[in-house]
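Participant: Dropping a structure here in structure tokens format, bear with me for questions.
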Amino acid sequence: MQNVRMILDVDTGIDDSMAILLALKTKHIKVEGITTVFGNTDVAQATRNTLQVIEVSGVPYEVPVAMGADRPLVREWRGPVTHIHGNNGIGNCELPMPKGKPLAESAAEFIVRMVNTHPNELTLVFVGRMTNLAIALAQDPSIASKVKRLVIMGGAVKVPGNVTPVAEANISGDAEAAHRVFESGIPITLVGLDVTMQTIIGETERLQLMASPVPGNEKAAAFIGEAFKFYFEAYEKQNGFYGSPLHDPLAVAVAAFPDLVATEEHYVRIETKGTMSYGATLVDFRRTVPVTNASVALGVDSPRFLDYFINTLKS
Ligand code: RIB
Ligand code: CA
């Protein structure tokens, strides 16, 4: 299996935490760095959460963390999503004070430096707002042709949105940034609500994740169990079922195993002007277009993904 060298961009976040753990524990992924952004929580808290989750994971190598944007490119930030992710972003779980610190360079500077140093080798996985990448592209547009692939958790192409009838949180959280990324020429795989809403876990899987942890994985297993409990309760209040979709972990999984999803080539446009449709990911299904900008995931092998997720997080 080919190694995947990854930069992961997160707004940590309960499902972001699970995505980080999945990436760090997948044998053929090497996480070359994690960049942080505002979103589920503010960027300072997201950075702290990220450092804590890395330390809880027991990953045997150094993972640099670079702090990024604290607000969208042009609009106001709507504030943290405490009703889903808790006051601290990770379901109010108390993790030990992190020993590590973020780098002195910003997330955008880190992305520009790494992509230029390792052209066509790095897979970027973005599971929050696309602000850091839009800033990186403004600093150096040439990185667009040097990224191996960009996997985005975001958007809702054929299904309803989750923050408005038509828009998903990561895209509508900074649609101007998403627009610049989709028009940049970077090869994109879009892992949106079309597929993430088909990857639901519940109490049976949560108990499996916590049961009989292997030596060295006790702290991670306890954190996973507690954070999912908070997330499931939040989903129950909001959506009426005790469980949750695995939005961000699915994007990491697709970077590791692209054949987990069935994709179609489309030109995805981001709505930045509409009052009711701001942040929509629009595809014109009426005709075939000569130029496309994204492989859009529309089907997913959920049982295979869930097996991989559970077995890897338990390792
Ligand atoms: O819409 C789901 C996305 O919004 C996930 O990335 C979640 O962490 C939040 O950022
Ligand atoms: Ca996220």
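Derivation of every value follows stated rules applied to the coordinates shown; laboratory data play no part. Bear in mind the structure is a predicted one, so any value in this text is a computation, not a measurement. Note: ideal-geometry Cβ built from the backbone for every residue, glycine included; neighbour counts use all protein chains shown.
Participant: What lysines could a cross-link reach from residue 148, if we take a straight Cα to Cα line under 29 Å and drop same-chain neighbours fewer than 8 places away?
Facilitator: Answer for residue 148, where 29 Å is the Cα cut-off: 25, 27, 30, 101, 158, listed by chain and number.
Participant: State the dimensionless ratio Rg/Rh of the stretch 4-313 (Rg: radius of gyration of Cα atoms; Rh: Kirkwood radius).
Facilitator: So for the stretch 4-313, dividing Rg by the Kirkwood Rh gives 0.93.
Participant: Aspartates and glutamates within cross-link reach of residue 99: Cα-Cα under 17 Å, excluding same-chain residues under 8 positions apart?
Facilitator: Qualifying aspartates and glutamates at Cα under 17 Å: 55, 62.
Participant: Which lysines does residue 237 reach when only Cα atoms under 17 Å apart count, and residues fewer than 8 places away in its own chain are ignored?
Facilitator: Leaving aside lysines fewer than 8 places away in the same chain, those within reach of residue 237 are 229.
Participant: I would also like to ask the following. Working only with C-alpha atoms, what are the Rg and Dmax values of the stretch 43-197, expressed in angstrom?
Facilitator: Cα-based Rg and Dmax for the stretch 43-197 come out at 16.0, 44 Å.
Participant: To continue, here is another question. For the stretch 94-152, take every pair of Cα atoms, bin their distances at 5 Å starting from 0, and report each bin as a whole percent.
Facilitator: Percent of Cα pairs in each bin: 4, 18, 25, 23, 13, 8, 6, 3, 0.
Participant: Further question: Based on other C-beta atoms within 10 Å, arrange 265, 76 from fewest to most. Walk me through the intermediate numbers first.
Facilitator: On the way: 265 12, 76 7.
Starting with the residue having the fewest Cβ neighbours, the order is 76, 265.
Participant: Amide H of residue 151 versus every other amide H placed in the peptide plane: which residues, excluding those fewer than 5 positions away on the same chain, fall under 5 Å?
Facilitator: Residues meeting the amide H criterion: 124, 125, 126, 189.
Participant: Taking 8 Å as the Cα distance limit and 6 or more residues as the minimum spacing, I'd like the relative contact order of the stretch 10-111 as a percentage.
Facilitator: Answer for the stretch 10-111 is 33 percent.
Participant: Moving to a separate point now. Can you work out the base-10 log of I(q)/I(0) for the stretch 162-240 at q = 0.15, 0.21 1/Å, using the Debye formula on its C-alpha atoms alone?
Facilitator: Once normalised to I(0) and log-transformed, intensities are -0.77, -1.00.
Participant: I'd like the Kirkwood hydrodynamic radius of the stretch 160-315, using the inverse of the mean 1/r over distinct C-alpha pairs, in Å. Provide the component values of the computation, followed by the final result.
Facilitator: Values: mean 1/r = 0.0582 Å⁻¹.
Value: 17.2 Å, from the Cα pair sum.
Participant: Something else about it: With 10 angstrom as the radius, rank 190, 306 by how many other C-beta atoms surround their C-beta, starting from the fewest. Walk me through the numbers before you get to the answer.
Facilitator: Details: 190 29, 306 18.
Fewest-to-most Cβ neighbours within 10 Å comes out as 306, 190.
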